[in-house]
1. Give me a single rounded figure for A:36-43: the average over its residues of other chain Cβ atoms within 10 Å of their Cβ.
2. For region A:40-118, would you read off the P(r) tail past 21 Å as a percentage of all alpha carbon pairs?
3. If you take every residue apart from A:Asp98 with its C-beta less than 15 Å away from the C-beta of A:Asp98, what net charge results, scoring Lys and Arg +1 and Asp and Glu -1?
4. Modelling each spin label as a point 7 Å along the Cα-to-Cβ direction, I'd like the A:Thr82/B:Asn30 distance in nm, to one decimal.
5. What net charge is computed for the residues neighbouring A:Ser77, neighbours being all others with C-beta under 10 Å from the C-beta of A:Ser77, Lys and Arg scored +1, Asp and Glu -1?
6. Describe numerically, in nm with one decimal, the distance between label points set 7 Å from Cα along Cα→Cβ at B:Tyr61 and at B:Lys77.
7. Net charge around B:Asn30, counting only other residues with Cβ within less than 14 Å of its Cβ (Lys, Arg = +1; Asp, Glu = -1)?
8. Rounded to whole Å, give me the distance from the Cα center of region B:64-113 to that of region A:78-100.
Amino acid sequence: GAVVSQHPSRVICKSGTSVKIECRSLDFQATTMFWYRQFPKKSLMLMATSNEGSKATYEQGVEKDKFLINHASLTLSTLTVTSAHPEDSSFYICSARDRAGQSSETQYFGPGTRLLVL
Amino acid sequence: AQSVAQPEDQVNVAEGNPLTVKCTYSVSGNPYLFWYVQYPNRGLQFLLKYITGDNLVKGSYGFEAEFNKSQTSFHLKKPSALVSDSALYFCAVRRLPARQLTFGSGTQLTVLP
């Protein structure tokens, strides 16, 4: 099946610093990638839709200047949490949709990145 | 607006017994429905989807789901549960324009040995 990777898997940073999370589709091309945030024992909340070669589309209430998204190629999207604060601590998960054929309705998820801001 | 509801936060079942994880949906137009499973500190794994066709959809690891239009439900089922099936299960519905997914609140399944 399609594989999506995320790096790093876990990161601890000081308050005020910026953190970059990478999301890669390893064996397929993804025109669109999605970034989610998940709190403990809670559902996934969509943050933004990342479109290759164009600006990301953010969900209501998500600060685009705080959560910078770049989708520079068909296999890579990055999420940068700028000036991170403890309330940004969470589990961030990306997904990618295979743009080809019948699989295009299925999103494949990365393993997630645990961010802890001290 | 597209939405799904998972009425049970927790489902417990004995190993070997059949399991059902419930999901109801509310959509305008034809529903595109999905089930995903999440193990602790991991991303989501795709189980199955309904787009069109047969109401009974078969997926990974022996799971299946039945699409019921009259009851607006898409319950996840398995004839014989395994302890290794214990995980967090999410129902999701596709919304446009970018085919984003809206997830239900999740159901924690525990299979008891």
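1. That average works out to 4.
2. Roughly 31 percent, once rounded to a whole number.
3. +3
4. That separation, rounded to one decimal, is 4.2 nm.
5. Value of the local net charge: -1.
6. 1.9
7. Every neighbour counted, the sum reads +4.
8. Their Cα centres are 24 Å away from one another.
FYI, it's all coordinate maths here, none of it is from the lab. Note that the coordinates shown come from a computational prediction; the quantities given were computed from them, not determined experimentally. So basically every Cβ, Gly included, is an ideal-geometry build from the backbone, and we count neighbours across all protein chains shown.
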